[in-house]
Amino acid sequence: MTVVASYLYRNGKRANEVALSSQPFEITAGDFVWIGLTDPTVEEMAHLKAMFGLHSLAVEDALNGRQVPKVDIYGDQLFVVAKTAHLENDKIIYGETCIFVGQQHVITVRHGSARSHQKLREQLEQAPQLLSHGPDYVLHGILDFIVDGYLPLVETIEDRVLEIEKHVLISFLEPEQIRRIFRMRRQVIKFQRVIGPMAEVASKLAHLELPCVDDNARPFFRDVHDHVRRVENMVIGLRDIVTSVFEAANLLEQQRQGAITRQLAAWAAILAVPTAIAGIYGMNFENMPELKTEYGYYVVIGTILVLCAILYYRFKKAGWV
């Protein structure tokens, strides 16, 4: 069985366990059922469809596990899809949580999510007064739980990017580090495409008239929307940081290459002096007036040293050597 938890709640407190069946499930007014599944089978979803009157299209989407974040309305029920995310090395791994919300039931179907709802359920059960508000409060708790998982992910990527930024200021980037920057940038762009629809989901729940969402619950969904927007702004800033790190690395590398080029040019100019003088006196002509000079060798060597010293001093003052 892939049913993680299935309980009936009365007055905000867990009453008894609910078993899946192929018959409609009768619920007393004021009570509601919260069922959590992970990668359910077709048979299990068929039982839930029969028990709570779930729409066929929503059931099909929940089994698919490849939906974008959205809010669909089927009669007096809501079908919400949210994307989960967690970090493995430098790669963001995505999961999906589909949520069926009715007047007296909440059903969550998780695909690929690394975080269980067990702690969330325990946390909500510790506040029976709030849990007694019903399925819309549980829906808020689930979405808030998912969105809160985004923040550590973004902060971790940001820390790793800043580490690379520090390395950029010290030395050249290795090819693997350059590839890593591009991988991070690609992951951030992809994550930004997920955050946008998630913000729309929270906004709809906070501002639109929807079934199963009481007016008293809207402030909770506005809070979720604020959290999504905060993460969205952080992702935009992170994308700019990744881009600026690469641009800074490129500029610093060009600067270092320019410095090396200037150094090579300076030494070439310095070495050109003795090369030119030695080339002239190496022509071996018979009639060269300087060949018979008694101290000519020492004069030429001294001249070479003086000229090289002057050039070296000039280039060093200019910062070329």
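The figures follow:
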quantity: Number of the condition not met by residue 81 [criteria: (1) out of contact with any Leu (no Cβ under 6 Å at 6 or more places or on another chain); (2) modelled with pLDDT under 95]; calculated: (2)
quantity: Filter result for residue 2 (open to solvent by less than 40 Å² (accessible area, probe 1.4 Å), within 30 Å of residue 158 (Cβ to Cβ), in contact with an Asp or Glu (Cβ under 8 Å, 6 or more places away or on another chain) and of a type in the set (Val, Ile, Thr)); calculated: no
quantity: Test: residue in segment 76-97 that is farther than 27 Å from residue 202 by Cβ and not β-branched (Val, Ile, Thr); calculated: yes
quantity: Segment 6-30: number of residues that are under 20 Å from residue 130 (Cβ atoms), open to solvent by less than 10 Å² (accessible area, probe 1.4 Å) and touching a strand residue (DSSP E or B) at 6+ places or on another chain (Cβ under 6 Å); calculated: 1
quantity: Qualifying residue in segment 18-27 (condition: hydroxyl-bearing (Ser, Thr, Tyr) and either part of a strand (DSSP E or B) or touching a residue at least 40 places away in the same chain (Cβ under 8 Å) (or both)); calculated: no
quantity: Number of positions in segment 117-145 that are in contact with a Leu (Cβ under 6 Å, 6 or more places away or on another chain) and of a type in the set (Gly, Ala, Ser); calculated: 1
quantity: Residue list for segment 211-233, filter: crowded, with 17+ Cβ neighbours inside 10 Å and either more than 23 Å from residue 189 (Cβ to Cβ) or among the hydrophobic types (A, V, I, L, M, F, W, C) (or both); calculated: 212, 213, 217, 218, 220, 221, 224, 228, 231
quantity: Entirely in segment 94-188, the helices (runs of 4 or more DSSP H) that have 3 or more residues that are at negative phi, open to solvent by less than 10 Å² (accessible area, probe 1.4 Å) and in contact (Cβ under 8 Å) with a residue 24 or more places away in the chain; calculated: 135-148, 150-168
quantity: Members of segment 65-78 that are among the hydrophobic types (A, V, I, L, M, F, W, C) and either in contact with a Cys (Cβ under 7 Å, 6 or more places away or on another chain) or open to solvent by 30 Å² or more (accessible area, probe 1.4 Å) (or both); calculated: 68, 73, 78
quantity: Test: residue in segment 279-296 that is modelled with pLDDT of 75 or more and either out of contact with any strand residue (DSSP E or B) (no Cβ under 7 Å at 6 or more places or on another chain) or hydrophobic (A, V, I, L, M, F, W, C) (or both); calculated: yes
quantity: All positions within segment 32-50 that are open to solvent by less than 10 Å² (accessible area, probe 1.4 Å) and part of a strand (DSSP E or B); calculated: 32, 33, 34, 35, 36, 37
quantity: Residue check for residue 272: open to solvent by less than 90 Å² (accessible area, probe 1.4 Å), of a type outside the set (Ser, Thr, Tyr), over 17 Å from the mean Cα position of the chain (by Cα) and modelled with pLDDT of 80 or more; calculated: yes
quantity: Residue pairs meeting the criteria (Cβ under 8 Å; at least 6 apart or on separate chains; first under 22 Å from residue 310 (Cβ atoms), in segment 249-268; second at pLDDT below 75 and open to solvent by 60 Å² or more (accessible area, probe 1.4 Å)); calculated: 262/320; 263/320; 265/320; 266/320
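The values are calculated or read from the model by the stated rules, or taken from the named source; none is laboratory data. Here the structure is a predicted model, which is why all the values come from computation and not from measurement. So basically every Cβ, Gly included, is an ideal-geometry build from the backbone, and we count neighbours across all protein chains shown. Ligands, DNA and RNA are stripped out before the accessible areas are found, and what is left, the full protein with its side chains, is counted by its heavy atoms. Shrake-Rupley method; radii C 1.70, N 1.55, O 1.52, S 1.80 Å.
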